[in-house]
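One structure is given here, and the rest of the page talks about it.
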Amino acid sequence: MNTSREKIIYALIAGFVLLAFGEVYIIMMIASRPVEMNTSHYSRPSSTGTAPTGTTSTTYAESPITSGIVPHTTSGIVNSIGNKSLTIAASGSTGATTTETITLSDSNTQIIRQGALKNPETQAADMKAYQNQYNALMQDPQKNADAIAQLAAPSPYQMTPITLSDLKIGQLLFIVGEPQSDGTFAATEVLAQ
């Protein structure tokens with residue numbers, strides 16, 4: 001015979017189960033919708049924006065973010081390296097390993113090697129310089145809109161630009177780009193570990 005305490009426990013368990021099913025349903029509904037974002041305020045001009053006098057400015061290549069679309073990413077271990085392409089072994093969401101062909105454009109693809117963590121003093125100095133530059137630009141955000149759009153927070157890691165020939169078999173890569181109709185993936189940025 002059930003006591004009132006057991007009935008309360010069963011009711012609480014049933015409530016938690018229903019709540020869990022509801023959360024899974026909401027997550028599935030959100031995940032099935034296409035993701036779009038307004039990136040018009042991130043558009044980068046073809047010419048370099050200028051920072052106010054007394055500040056430094058880092059120039060970046062054109063943003064890989066296409067207006068209104070979240071960029072696609074992939075990652076994997078380098079299997080082979082060609083002239084303007086490479087193949088990686090990528091793990092899918094099911095855990096199965098697939099081979100992806102990544103194509104690179106000489107002029108548009110940025111390849112960067114992520115090195116060791118910067119020491120705390122360097123990280124603090126980089127962040128202070130970034131904050132000073134941000135504060136200076138925000139004095140007149142409309143006038144400095146282009147420079148603000150190009151401003152990026154400093155990485156805590158040492159980042160070194162490299163070329164395709166610097167990549168090695170077995171190296172882990174994180175890639176930003178676009179899937180192509182022929183099944184390849186056109187890279188705009190490659191981060192090598």
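Give the order of S155, S181 when sorted by the count of other beta carbons within 10 angstrom, beginning with the fewest.
Details: S155 15, S181 5.
Ranked by crowding around the Cβ, least crowded first: S181, S155.
From the Cα trace of the range 78-193, what convex hull volume per residue do you get, rounded to a whole Å³? Present the calculation step by step, with values, prior to reporting the outcome.
Details: hull volume 17.6 nm³, N = 116.
Hull volume over Cα atoms, normalised by residue count, gives 152 Å³.
Counting other C-beta atoms within 10 Å, which of T163, T101, T188, T122 has the fewest, and how do the rest follow? Write out the running numbers ahead of the final one.
Values: T163 10, T101 16, T188 21, T122 13.
Neighbour counts put them in this order, fewest first: T163, T122, T101, T188.
What ranking of F21, F174, F185 emerges when the number of other C-beta atoms within 10 Å of each C-beta is taken as an exposure proxy, fewest first? Kindly include the intermediate steps, with their values, before the conclusion.
Numbers: F21 10, F174 15, F185 20.
Lowest to highest Cβ neighbour count: F21, F174, F185.
Please give the contour-minus-distance gain from V24 to E6: 0.36 nm per residue of separation, less the Cα-Cα distance, rounded to one decimal in nm. Intermediate values should be presented prior to the final figure.
Values: separation 18, 0.36 × 18 = 6.48 nm, distance 2.72 nm.
Net length gain for the segment: 3.8 nm.
What is the calculated FRET efficiency for S85 to L172, with r their C-beta to C-beta distance and R₀ = 22 Å, to the nearest 0.05? Mind showing how you got there, number by number?
Working: r = 18 Å, r/R0 = 0.81.
Once rounded, the FRET efficiency stands at 0.80.
Count neighbours as other Cβ atoms within 10 Å of each site's Cβ, and list the trypsin sites (Lys or Arg not before Pro) in the range 87-193 that are DSSP loop with at most 16 such neighbours. Write out the running numbers ahead of the final one.
Details: sites: R113, K118, K128, K143, K168; in loops: K118, K143, K168.
Listed in order of number, the matching sites are K143, K168.
All of the numbers you see were taken from the coordinates with simple rules; none came from a lab. This structure is a prediction, so every number in the text was calculated from the model and none was measured. Using ideal geometry, Cβ is built from the backbone for each residue, glycine included, and neighbour counts are taken over all protein chains shown.
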